[in-house]
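What follows is a short report on a single structure.
Since every read-out is calculated from the coordinates, none of them should be taken as a lab result. All values reported here derive from a predicted model rather than from experimental measurement. Here the Cβ positions follow ideal geometry from the backbone for every residue, glycine too, while neighbour counts run over all protein chains shown.
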Amino acid sequence: MNKPSIYGLTINQLTAWLLDRGHKKFRATQVWDWLYRKRVTSFAGMTDVNKECIELLEEHYVLQTLNEHILQESSDGTIKFLFRLIDGNLIETVLMKQKYGLSVCVTTQVGCNLGCSFCASGLLTKSRDLSCGEIVEQIMNVQHYLDRARNNDLVSHVVVMGIGEPFDNFNNLVNFLQVIKDQKGLAIGARHITVSTSGLDDKIIEFADLNLQVNLAVSLHAPNNELRSRIMKINRAIPIERLMKAIDYYLVKTNRRITLAYILLKGVNDRKEHALELAELLADKLHLAKVNLIPYNSVDELSQYQRSEHESVMAFYDTLKKQNVNCTVRLEHGTDIDAACGQLRSKQMKEDQFV
Ligand code: SF4
């Protein structure tokens, strides 16, 4: 059987595991420091950890379960990593150079079952959830890549917006957040982390109750049930009214703002009447909600959807602004590489079938 990744343990789990095996508490702190601050690539490299502890770690865990398969670099500095997992599956991770720091977008599942009709990832149904270790390792692989360049660059922001629905892999997601937030480890600030969900209402409530202080983004993409059900299957099970109730709960419970993502699809959801309807839907939470308008990245297999014209995007933005909706247009990254989420993976899988 394959050994699990050491990165799947939170500091509390690592401490408990070592204590159970007769080691002192400070060993866990030492190991944690080697993993996340000194960032070794082998257990043997933990030079001040005693031999028994190293052997124990080697016997039960590995430091790498992801293998870098393809790396695409965009002219704007965006880097897309395609990793092969131990079972042969492929996942994508993206490093984006932002004005405010280095942001990594991670994947939480192999494929996705939610089947949003505009999404390349949804074309490939979910084969399994990623373990916490596999999600943390995406960050560590990117950080090791940055370490090799010796510029002292650190991953400063994380967005959980890659392939998969993070709330459909809830426990691993929460452990992942605890690992990357840990002050003695990567210490990525809660305010620098954003989790994006398609709108699983019961999980939004559970997430609010955990009070992790990270940012939440909800994919809305349509202002009414008829349209949202057409483009997002999940809306047939969890209609907008239920979603809004969960959002209201989140806003009260966490006292934090929320982002609503809205992908603009030409002629589908990008007309003035849609913007007005969206403003009406958000009328009771204008001070706590921000709409992030996202220009669509076309996908060959989904030719029914095209990117909205720039004029339509700006007209939509202006209409929302006039209705006092807090609103931004997302900056684009990596448009000269396979920019849409899941696109690189799906292309590679097709190529794999022909080798
Ligand atoms: S948009 Fe997100 S939730 Fe929808 S199919 Fe794609 S990965 Fe899944």
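Just a few scattered comments:
- Summed side-chain charge close to ILE240 - residues other than ILE240 whose Cβ falls under 15 Å, Lys, Arg +1, Asp, Glu -1: 0
- Residues of segment 97-112 with an amide N closer than 19 Å to a point placed 7 Å from the Cα of ASP153 along the Cα-to-Cβ direction: 97-107.
- Ordering HIS221, PHE83, VAL329 by Cα displacement along the dipole of the chain toward the positive end leaves VAL329 in first place; charges were set at the Cβ atoms of Lys, Arg (+1) and Asp, Glu (-1).
- Value at 222 nm in deg cm²/dmol, rounded to 500, when DSSP H runs of n ≥ 4 in the chain each add -39,500 (n - 2.57): -11000 deg cm²/dmol
- Look at the alpha carbon pairs under 8 Å that are at least 6 residues apart: their mean separation over the length of segment 6-60 gives a relative contact order of 24 percent.
- Gain upon complete extension [ASP318, LEU276; 0.36 nm per residue less C-alpha separation]: 14.1 nm
- Links that overshoot a 23 Å alpha carbon limit, given the list LYS253/LYS322; LYS245/LYS290; LYS25/LYS203; LYS233/LYS266; LYS126/LYS233; LYS3/LYS203: LYS253/LYS322; LYS25/LYS203; LYS3/LYS203
- Separation of alpha-carbon centers, segment 1-47 and segment 243-321, rounded to whole Å: 43 Å
- Full-stretch length increase - THR47, TYR145 - with 0.36 nm per residue and alpha-carbon distance subtracted: 33.1 nm
- Distance between the modelled labels on ARG128 and ARG256, one decimal in nanometres: 3.0 nm (7 Å Cα→Cβ projection).
- Taken along the Cα-to-beta-carbon direction at a fixed 7 Å, the label points for ALA16 and ALA187 span 2.6 nm.
- Relative contact order of segment 166-316, taken over Cα pairs closer than 8 Å and 6 or more residues apart, is 20 percent.
- Here the calculated FRET efficiency for THR29 and ILE205, from their Cβ-Cβ distance with R0 = 30 Å, stands at 0.30, rounded to the nearest 0.05.
- A simple packing score, the average count of other Cβ atoms within 10 Å per residue, orders the peptides 33-39, 4-10 as 4-10, 33-39, with the highest score first.
- The chain: C-alpha pair distances exceeding 33 Å, %: 30 percent
- For LYS181, the aspartates and glutamates whose Cα falls under 16 Å of its own Cα, not counting residues fewer than eight places away in the same chain, are ASP33, GLU137.
- Take every Cα pair under 8 Å whose residues are at least 6 apart in sequence, average their separation, divide by the length of the chain, and the relative contact order is 15 percent.
- Net dipole in debye of the chain [+1 Lys, Arg Cβ; -1 Asp, Glu Cβ; about Cα centre; nearest 20]: 740 debye
- Highest-MSF residue in the chain out of ARG84, ARG148, ARG330 [GNM, Cα springs under 10 Å]: ARG148
- Positive-end residue of THR107, ASN172, HIS192, charge dipole of the chain with Cβ unit charges: HIS192
- Principal-axis tilt of helix 343-352 within the chain, Cα atoms, nearest 10 degrees: 60 degrees
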